[in-house]
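Peer 1: Could you have a look at this structure, given as structure tokens, before my questions?
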Amino acid sequence: MNRLNWIAAGSLFLSGAALATTTQYAATLNSVVSTGASGSARVTLDDVALSIDILVNFSNLSAPATAAHIHCCTLPNASVVVPFTGFPGALSGTYHQAFTLANFSTIQADLAGGTAYVNVHNASFPGGEIRGTLAPVPEPASYAMLGIGVAALALLRRRLPGR
């Protein structure tokens, strides 16, 4: 195997190592009724473990939270696809839960479709006080590793005799 093949193989190995089995989505939760409440959500899907990890931070709700979940796909016909069991009944707080999904591929497709959103409800606003659409978070490590591999190949190609 010549030097170019070794570098190409090494670049592919390193760029493959950066490919994760997880996909992250994030949302900024804004008040849909102008109360000043806000929050953020991060959802991580693991396509090997068929699991979801949910992290929600929220603050300044007008009444304690009564429920929260991921809805899909668009209003007015959106339905709850992932309920957040044990969500804190508070004005401000953090919710972090990870669990396995029986319907993983459906949830994965809903999130990839770009119309799923996190909604936090309370007694004052039973339709939800804060809400945010989940959008994919790019994985910078994959792009960086690919760039390093391409740069190494270009540099080696310039140094090979006969070029």
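Peer 1: If R0 is 41 Å, what FRET efficiency do you get for H96 and A151 from their C-beta distance, rounded to 0.05?
Peer 2: Using R0 = 41 Å, I get an efficiency of 0.60.
Peer 1: What order do you get for 88-100, 110-122 when each peptide is scored by the mean count of other beta carbon atoms within 10 Å, highest first?
Peer 2: 110-122, 88-100
Peer 1: OK, next. Using the Cα gyration tensor of the stretch 85-132, with a ≥ b ≥ c the square roots of its eigenvalues, what is the shape: rounded (a/c below 1.5), prolate (a/b larger than b/c) or oblate (neither)?
Peer 2: oblate
Peer 1: Stretched out fully, how many nm does the piece from S51 to V32 gain, at 0.36 nm a residue minus the Cα gap?
Peer 2: 3.9 nm
Peer 1: Using θ = phi - 60° and the Karplus form 6.51 cos²θ - 1.76 cosθ + 1.60, what ³J(HN,Hα) does each residue of the stretch 81-96 get, whole Hz, x for Gly and Pro?
Peer 2: Coupling constants for the stretch 81-96: 10, 9, x, 9, 5, x, 5, x, x, 9, 7, 9, x, 10, 10, 9 Hz.
Peer 1: Residue by residue, what Karplus-based ³J(HN,Hα) values in Hz, rounded to whole numbers, does the stretch 97-113 have, using 6.51, -1.76 and 1.60 with θ = phi - 60° and x for Gly and Pro?
Peer 2: 8, 10, 7, 7, 10, 5, 10, 3, 5, 5, 5, 4, 5, 4, 5, 5, x
Each reported figure results from applying straightforward, stated rules to the coordinates on display, with no laboratory input. Every value quoted in this text rests on a predicted model; they were computed, and no experiment measured them. As a convention, Cβ positions derive from the backbone with ideal geometry for all residues, glycine included, and neighbour counts pool all protein chains shown.
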